[in-house]
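Everything on this sheet refers to the single structure shown next.
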Amino acid sequence: MSHPFECKYGYFSDDGREYCITTPFTPRPWGNIISNGDYSLMISQNGSGYSWRGNAGQNRITRSFQDLIKDNWGKYLYIRDRKSGAFWSATFKPVMHPYEDFLVVHSIGYSRFIQVIEGIRSELTVFIAPDAPVELMQLTLTNLGEDTRELDVTSYAEWALGFAPDEHREFHKLFIDTSTDFTLNAVFARKYLWGFPDEHGRYNNINWPYTAFMAVSEPLVSFDCDKESFLGMYRSEEHPAAMDAQHLSGRVGRFHDAIAALQVAVSLAPQQSKTVVFTLGAAEDEKEDAAALIRRFTSVEASRQTLQAVHDFWSRFVDGEHVETPDPALNFMTNYWLKYQAISCRLWGKSAFYQVSAGYGYRDQLQDSQIFLVGDPSFARKQLLMHAAQQFIEGDVLHWWFSIRGGGPRTNCSDDLLWLPFILDAYLKETADYAILDEAVPYLNAPAEPLYDHCKRAIERAFSRFSPRGIPLMGDHDWNDGLNAVGTLLKGESFWVAEFLYVILGNFIPLARRRGDECFARRCEDVRVSLKDALNRFGWDGEWYLQATTDAGLPLGSHENDEGRIFLMPNIWAIISGMAEGERTRKVVDSITRYLLKDYGTLLNYPAFTKPRPDVGYVTRYAPGLRENGGVYTHAATWSVWAYTLAGEPERAYEAYHKICPPNRSADIDTYKAEPYVTPGNVDGPQSEYYGRGGWTWYTGSAQWLHRVATHWILGIRPQEEGLLVDPSIPAEWDGFTVRRRFRSAEYEIHVRNPEHVHRGVKSLVVDGKPLESNLIPVFADGQKHVVEVVLGRKE
Ligand code: GLC
């Protein structure tokens with residue numbers, strides 16, 4: 001029997017909600033990033049990974065170093081047969097014992113590890129309580145044999161407790177204090193140092209204000225808080241000294257390299273099963289009680305209830321919208337994985353195997369927050385207000401900021417600030433919550449003003465940074481962070497920012513009028529006209545638009561360049577913004593297709609840079625084909641789908657989508673290497689030795705956008721102020737599709753049929769049995785369900 005998108009490493013479950021991995025030897029760690037918005041963990045198919053609270057840079061709980069090849073830092077459970085001495089681990093790492101059966105399931109909010117080794121079936125489920133800083137490891141052991149088995153189970157994790165990476169471990173370990181409590185079957189760890197200054201600005205002078213713990217649901221037989229006695233000098237997790245000893249050494253206190261290890265006994269009659277639950281967490285001392293958390297979660301019954309609570313919790317974010325199309329890759333990604341990736345990893349966990357982030361990127365998490373718009377827009381609202389608070393009265397913003405205690409770089413980046421009005425527009429179209437414009441939000445350096453003024457100040461600041469030719473300055477860089485030397489002298493120009501600003505002004509003008517700000521509305525109109533004129537006058541290169549000019553006045557993304565001759569961004573946004581017209585639209589689309597739409601998606605530029613150019617920036621310093629240097633940068637590649645639909649090329653739109661939709665890469669998985677259930681940040685371009693290799697998975701802004709281009713631009717269901725527009729651009733072979741989604745408190749079930757097999761064009765639209773003249777479904781906002789029947793075809 002074959003499963004959806006089956007490859008030699010795994011497959012999707014039939015409904016697409018789970019990804020099943022059948023071997024430990026995936027070509028890269030294939031992981032899961034689980035978060036409840038506060039407490040997070042990452043875990044690979046081998047069981048490696050670590051935990052953090054708030055963010056993984058400033059407040060890591062267990063240790064880990066980034067190493068995708070070894071994938072060897074984890075919180076592990078050992079299982080040992082006390083009679084034979086044989087031992088293995090509940091995940092493949094660290095012991096790597098041969099197995100009779102192996103299956104790892106990653107899904108929405110949990111990961112499950114099933115193995116059969118030495119006649120014992122183990123099933124380990126890892127998840128986080130939705131409402132507490134506690135992770136649970138629920139381990140069920142089953143004796144498959146005919147003899148009673150005397151086993152023990154031993155946990156192992158190394159404490160980090162605070163800032164990471166901890167290259168100064170020898171310093172930091174001196175501040176950790178461990179203790180034990182046999183009544184709670186638990187060990188605790190505290191640290192008398194956190195790398196923030198105290199109230200007088202003195203560093204290295206405050207406690208880490210948490211108590212970390214590990215506890216177990218069975219009576220504690222023995223424990224250890226010392227890495228040296230547990231592993232043994234010069235040994236490793238694969239075969240620790242503890243597995244040669246009767247019991248753990250019981251060392252505890254302030255003089256060790258601190259770990260948590262708990263040992264319990266499990267006796268299993270033939271065919272008997274037993275579940276043991278380990279909990280690990282970090283209680284904030286001022287607000288939470290570690291002992292209370294241990295009591296609440298460390299039992300078999302509590303673990304079952306908590307796992308059910310995890311399913312309910314995620315259902316709220318995932319199940320508010322459901323699509324059914326003839327494309328299972330689109331369905332699986334849109335319905336489950338992209339929402340989960342964007343929320344659990346990008347917005348909440350903020351870290352993954354390829355990147356550890358300690359905060360929010362100004363533009364990044366604003367864009368990501370669009371993922372909440374259907375399921376629960378109040379989360380997008382919160383995100384908008386949170387980002388507005390990272391702005392200065394001068395209109396500019398922090399490029400990113402730490403999520404604990406704030407702070408971050410104030411730069412001359414040219415686009416960051418503009419994402420506030422851009423995402424606000426998406427929020428308003430979805431919700432019509434115009435009250436948000438009056439929300440008073442403080443600036444970093446000035447008292448509060450309404451959100452409307454924050455947006456206006458951002459736009460005004462952008463107006464103050466134009467070249468004499470009327471093109472926005474590049475400044476420290478635009479959306480492409482790697483263009484970080486093009487315009488630092490405030491002479492170089494960004495044609496993409498011109499286009500981005502043009503879109504924003506188009507949306508903002510009606511908002512300004514709505515608030516009676518006629519003067520600003522007019523000003524925006526004037527700037528819009530001059531931007532369009534200037535872009536078409538100075539940004540046109542003959543067959544496509546330029547990306548930029550440098551401080552020295554050299555063109556970038558021009559036929560005059562040997563490397564970086566054409567860039568994707570200014571060309572797709574020329575279409576998205578509507579600034580390219582007539583013949584130019586055609587030429588631009590043809591150039592994108594000809595030079596950039598390749599085997600694995602649209603490239604960010606071509607040809608890649610092969611030599612560093614100090615006047616351009618770090619994009620030229622990557623090996624050719626990697627990341628922003630001539631690779632498929634998935635985030636931007638999703639926008640090419642949008643551009644193709646607007647340019648009236650639905651087949652190309654679908655092609656550009658299909659090539660970057662991860663399950664489709666199961667077919668050449670050894671080329672791709674990355675997880676086929678989440679988006680990668682990038683795929684290597686044609687000049688790489690590994691053309692087609694996916695990398696930088698999970699922590700990428702492409703997840704939310706891949707979701708959005710599928711729902712808004714391929715399926716074409718787009719919220720507008722006055723209703724829900726139906727304007728699909730689909731493959732002609734499709735017989736139709738269904739979308740169920742919420743919109744302004746009503747439930748819409750939209751059935752689209754395509755009997756004439758066209759790509760686009762709504763022939764008729766019937767709402768609750770009543771035919772409508774237009775393809776705009778009205779707003780009901782009545783909490784009721786409405787059935788919409790749409791037929792595509794040519795109008796008579
Ligand atoms: C990274 C950044 C994002 C930027 C992109 C392109 O993903 O987080 O903000 O736009 O790179 O350089």
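Take the range 95-118 and flag every residue that is crowded, with 22+ Cβ neighbours inside 10 Å and within 22 Å of Ser40 (Cα to Cα).
Val104, His106, Ser107, Ile108, Gly109, Ser111, Phe113, listed by residue number.
What are the residues in the range 486-510 that are away from the ligand (no atom under 14 Å from the Cβ), touching a Pro at 6+ places or on another chain (Cβ under 8 Å) and outside any helix (DSSP H, G or I), if any? Spell out how you get there, then give the answer.
Narrowing the range 486-510 to residues away from the ligand (no atom under 14 Å from the Cβ): 487-493, 495, 498-499, 501-510.
From the residues that got through so far, the ones that are touching a Pro at 6+ places or on another chain (Cβ under 8 Å) too are 493, 495, 498-499, 501, 504, 507-508.
Matches in the range 486-510: Glu493 only.
Just checking, which of Asn561, Asn571 is out of contact with any helix residue (DSSP H, G or I) (no Cβ under 9 Å at 6 or more places or on another chain), buried (at least 19 other Cβ atoms within 10 Å of the Cβ) and either assigned to a loop (DSSP other than H, G, I, E, B) or not basic (Lys, Arg) (or both)? Spell out how you get there, then give the answer.
Numbers: Asn571 fails: out of contact with any helix residue (DSSP H, G or I) (no Cβ under 9 Å at 6 or more places or on another chain).
Checking each option against the conditions leaves just Asn561.
What is the residue count in the range 234-245 for residues that are within 22 Å of Ser64 (Cβ to Cβ) and assigned to a loop (DSSP other than H, G, I, E, B)?
7
Evaluate the following for Tyr691: is it away from the ligand (no atom under 16 Å from the Cβ) and of a type in the set (Phe, Trp, Tyr)?
Numbers: away from the ligand (no atom under 16 Å from the Cβ): yes; of a type in the set (Phe, Trp, Tyr): yes.
Against the criterion (away from the ligand (no atom under 16 Å from the Cβ) and of a type in the set (Phe, Trp, Tyr)), Tyr691 qualifies.
Look through the range 691-712, keep the residues that are in a loop (DSSP other than H, G, I, E, B) and touching a residue at least 60 places away in the same chain (Cβ under 8 Å), and return whichever of them is farthest from Tyr336 (Cα to Cα).
Our first condition is that a residue be in a loop (DSSP other than H, G, I, E, B); within the range 691-712, this holds for 691-693, 698-701.
Next, from what is left, pick out any that are touching a residue at least 60 places away in the same chain (Cβ under 8 Å): 691-692, 698-701.
Numbers: Tyr691: 28, Gly692: 25, Trp698: 14, Tyr699: 16, Thr700: 16, Gly701: 16 Å.
This residue is Tyr691.
Using the structure shown, decide if Ser530 is assigned by TED's automatic domain parsing to the domain that holds Asp396 and either farther than 25 Å from Phe392 by Cα or more than 16 Å from the ligand (Cβ to nearest atom) (or both).
Details: assigned by TED's automatic domain parsing to the domain that holds Asp396: yes; either farther than 25 Å from Phe392 by Cα or more than 16 Å from the ligand (Cβ to nearest atom) (or both): yes.
So Ser530 fits the description; yes.
Inspect the range 45-55 for any residue being over 23 Å from Thr22 (Cβ atoms), buried (at least 24 other Cβ atoms within 10 Å of the Cβ) and among the hydrophobic types (A, V, I, L, M, F, W, C) and give the result as yes or no.
Looking only at the range 45-55, we keep the residues that are over 23 Å from Thr22 (Cβ atoms), and these are 50-55.
In the following step, the residues that additionally are buried (at least 24 other Cβ atoms within 10 Å of the Cβ) were identified as 50-52.
Still in the running and among the hydrophobic types (A, V, I, L, M, F, W, C): 52.
Yes, there is a match, as at least one residue in the range 45-55 is over 23 Å from Thr22 (Cβ atoms), buried (at least 24 other Cβ atoms within 10 Å of the Cβ) and among the hydrophobic types (A, V, I, L, M, F, W, C).
Take the range 736-782 and flag every residue that is small (Gly, Ala, Ser), more than 21 Å from His322 (Cα to Cα) and surrounded by 14 or more Cβ atoms within 10 Å (Cβ to Cβ).
In the first step, residues of the range 736-782 are kept if they are small (Gly, Ala, Ser); the result is 736, 745-746, 761, 764, 769, 774, 781.
Pick out the ones that are also more than 21 Å from His322 (Cα to Cα) and you get 761, 764, 769, 774.
Matches in the range 736-782: Gly761, Ser764.
Tell me whether the range 318-325 contains one or more residues that are within 16 Å of the ligand (Cβ to nearest atom), under 18 Å from the mean Cα position of the chain (by Cα), modelled with pLDDT of 95 or more and more than 30 Å from Asp453 (Cα to Cα).
To start, the set of residues in the range 318-325 that are within 16 Å of the ligand (Cβ to nearest atom) comprises none.
There is no residue in the range 318-325 that is within 16 Å of the ligand (Cβ to nearest atom), under 18 Å from the mean Cα position of the chain (by Cα), modelled with pLDDT of 95 or more and more than 30 Å from Asp453 (Cα to Cα).
Tell me, which residue of the range 213-230 that is touching a helix residue (DSSP H, G or I) at 6+ places or on another chain (Cβ under 8 Å) and assigned to a strand (DSSP E or B) is surrounded by the fewest Cβ atoms within 10 Å (Cβ to Cβ)? Quick ask: steps written out before the conclusion?
Kept after step one, since they are touching a helix residue (DSSP H, G or I) at 6+ places or on another chain (Cβ under 8 Å), are these residues of the range 213-230: 213, 215, 217, 224, 229-230.
Next, from what is left, pick out any that are assigned to a strand (DSSP E or B): 213, 215, 224.
Working: Phe213: 25, Ala215: 27, Asp224: 30.
The qualifying residue surrounded by the fewest Cβ atoms within 10 Å (Cβ to Cβ) is Phe213.
Mind listing whichever residues of the range 256-269 are under 40 Å from the mean Cα position of the chain (by Cα) and more than 18 Å from Arg63 (Cβ to Cβ)?
Step one: of the range 256-269, the residues under 40 Å from the mean Cα position of the chain (by Cα) are 256-266.
Result: Gln263, Val264, Ala265, Val266.
Among the residues of the range 761-796, write down those that are modelled with pLDDT of 95 or more, more than 27 Å from Ala432 (Cβ to Cβ) and part of a loop (DSSP other than H, G, I, E, B).
Gly761, Gly793, listed by residue number.
For the range 246-253, does any single residue satisfy the condition of being under 39 Å from the mean Cα position of the chain (by Cα) and either surrounded by 21 or more Cβ atoms within 10 Å (Cβ to Cβ) or not in a loop (DSSP other than H, G, I, E, B) (or both)?
No: the range 246-253 contains no residue that is under 39 Å from the mean Cα position of the chain (by Cα) and either surrounded by 21 or more Cβ atoms within 10 Å (Cβ to Cβ) or not in a loop (DSSP other than H, G, I, E, B) (or both).
Tell me, which helices (runs of 4 or more DSSP H) wholly within the range 626-684 include 3 or more residues that are within 16 Å of the ligand (Cβ to nearest atom), assigned by TED's automatic domain parsing to the domain that holds Val709 and in contact (Cβ under 8 Å) with a residue 12 or more places away in the chain?
634-646
Keeping to the range 164-185, report how many residues are outside any helix (DSSP H, G or I) and either more than 16 Å from Thr62 (Cα to Cα) or not assigned by TED's automatic domain parsing to the domain that holds Leu293 (or both). Walk me through how you get there before you give the answer.
Keep residues of the range 164-185 that are outside any helix (DSSP H, G or I), which gives 164-168, 176-185.
Those left that are additionally either more than 16 Å from Thr62 (Cα to Cα) or not assigned by TED's automatic domain parsing to the domain that holds Leu293 (or both): 179-185.
Count: 7.
Does Gly716 satisfy the condition of being farther than 25 Å from Gly564 by Cβ, more than 16 Å from the ligand (Cβ to nearest atom) and over 16 Å from the mean Cα position of the chain (by Cα)?
Values: farther than 25 Å from Gly564 by Cβ: yes; more than 16 Å from the ligand (Cβ to nearest atom): yes; over 16 Å from the mean Cα position of the chain (by Cα): yes.
For Gly716, the condition - farther than 25 Å from Gly564 by Cβ, more than 16 Å from the ligand (Cβ to nearest atom) and over 16 Å from the mean Cα position of the chain (by Cα) - is met.
So for the range 45-61 (the condition being under 18 Å from the mean Cα position of the chain (by Cα) and on the phi > 0 side of the Ramachandran plot), does at least one residue qualify? Step through it out loud before you land on a result.
Filtering the range 45-61 down to residues under 18 Å from the mean Cα position of the chain (by Cα) leaves 49-57.
Still in the list and also on the phi > 0 side of the Ramachandran plot: 49, 54.
Yes, the range 45-61 has at least one match.
The values are calculated or read from the model by the stated rules, or taken from the named source; none is laboratory data. What you are looking at is a predicted structure, and each value in this text was computed from that prediction instead of being measured. Virtual Cβ from ideal backbone geometry, glycine too; neighbours counted across all protein chains shown.
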